[in-house]
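The next block holds one structure in the form of structure tokens; read it before the comments.
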């Protein structure tokens, strides 16, 4: 148990909190004292580390702001893709129902021993619906592929922006060595 007076504990608590909350300030102060204590080379190394830390913090802040953009882009494309998938599924169910009715009609004609020409026409209708259904599936799949490629492109653009930002921040840093 701490037996020091309450004011002393309060002051030491405040000092500890300030030191914990202000590490970069104390680091800067350290660089000033390093020059006096260890010389110019040590001071240069200290300031370079300090500069690197500032760059890392700026990059982290940029990444964080980009994450919001990334989330917005992903949500927008996910919504578009879901809409296309829903439309694809709705249309496919409709064509599937038409195909089923056409196939049943074709089977009924066969069972009724209808004229071969009439059966051939019914079969051609069924085949046409199957082909339309296949073409429709291909169309919607290509639309989804396109949206996914656009999403990948947008995310790649953000990655390039981040790399360019980091490059701008770090350019010139190596010239000080």
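The simple spin-label model puts a point 7 Å past each Cα toward its Cβ; for residue 58 and residue 134 those points are separated by 5.9 nm. Shape class for the stretch 66-176: prolate, because the ratio a/c of the largest to smallest gyration tensor axis (alpha-carbon atoms, square roots of eigenvalues) is 1.5 or more and a/b beats b/c.
Each reported figure results from applying straightforward, stated rules to the coordinates on display, with no laboratory input. Everything numeric in this text was worked out from a predicted model, so none of it was measured. In this analysis, Cβ positions are derived from the backbone assuming ideal geometry, glycine residues included, and neighbour counts consider all displayed protein chains.
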